[in-house]
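Engineer: Got a structure for you, questions after.
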Amino acid sequence: FPNPAREFFTLRGLKAGEKGTVTVYSLSGQLQFSCAISGSEPIDIEGRLKPGIYIVEFTEREKPRKTGKLIVQ
């Protein structure tokens, strides 16, 4: 959220205090960036991502990965 995004995005469905790593890939599979997050804190993408479509992956220790699509304007 928001999707499409411009300056930041947040992951919906995470519980307060849920910690993990967010990794963003281009559609060709190239790593764009990765960062640690806690809960639904905003993830700054301004200056990190060009306009386009990306794959976002959330991983938490010993749990299945969650993936989604992110559109950047």
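Engineer: Starting from the stretch 50-63, keep only residues that are among the β-branched types (Val, Ile, Thr), then list their pairs with residues that are crowded, with 16+ Cβ neighbours inside 10 Å and part of a strand (DSSP E or B) whose Cβ atoms are within a distance under 6 Å, requiring at least 6 positions of separation or different chains.
Structural biologist: Sorted first by the residue in the stretch 50-63, then by its partner, the pairs are 55/25; 56/24; 56/70; 59/20.
Engineer: How many of the residues making up the stretch 20-34 are over 13 Å from residue 72 (Cα atoms) and exposed (fewer than 12 other Cβ atoms within 10 Å of the Cβ)?
Structural biologist: Total meeting the criteria: 4.
Engineer: Separate question: Identify, by number, the condition in (1) in contact (Cβ under 8 Å) with a residue 12 or more places away in the chain; (2) within 12 Å of the chain's Cα centre (by Cα) that residue 1 doesn't meet.
Structural biologist: (1)
Engineer: Moving to a separate point now. Please specify each residue of the stretch 14-44 satisfying the condition of being polar (S, T, N, Q) and touching a strand residue (DSSP E or B) at 6+ places or on another chain (Cβ under 9 Å). Quick ask: steps written out before the conclusion?
Structural biologist: Applying the first criterion (polar (S, T, N, Q)) to the stretch 14-44 yields 21, 23, 26, 28, 30, 32, 34, 38, 40.
The answer is 21, 23, 26, 32, 34, 38.
Engineer: Those residues that are surrounded by fewer than 12 Cβ atoms within 10 Å (Cβ to Cβ) and either outside any strand (DSSP E or B) or in contact with a strand residue (DSSP E or B) (Cβ under 6 Å, 6 or more places away or on another chain) (or both), I need them from the stretch 45-73; list them, please.
Structural biologist: The first filter runs over the stretch 45-73 and keeps only residues surrounded by fewer than 12 Cβ atoms within 10 Å (Cβ to Cβ), leaving 46-47, 50-51, 53, 61-65, 69, 73.
Within the stretch 45-73, 46, 47, 50, 51, 53, 61, 62, 63, 64, 65, 73 meet the criteria.
Engineer: With the checklist (1) assigned to a strand (DSSP E or B); (2) free of Cβ contacts under 8 Å to residues at least 24 places away in the same chain in hand, flag the one item residue 37 doesn't pass.
Structural biologist: In the conditions (1) assigned to a strand (DSSP E or B); (2) free of Cβ contacts under 8 Å to residues at least 24 places away in the same chain, residue 37 misses (2) alone.
Engineer: When you look at residue 19, is it touching a residue at least 40 places away in the same chain (Cβ under 8 Å) and among the charged types (D, E, K, R), yes or no? Walk me through how you get there before you give the answer.
Structural biologist: Details: touching a residue at least 40 places away in the same chain (Cβ under 8 Å): yes; among the charged types (D, E, K, R): yes.
When the stated conditions are applied, residue 19 passes them.
Every number here is computed from the coordinates shown, using simple stated rules; none is lab data. The model shown is predicted, which means the values in this text are computed figures rather than measured ones. Every residue, glycine among them, receives a Cβ derived from its backbone with ideal geometry; neighbour counts consider all protein chains shown.
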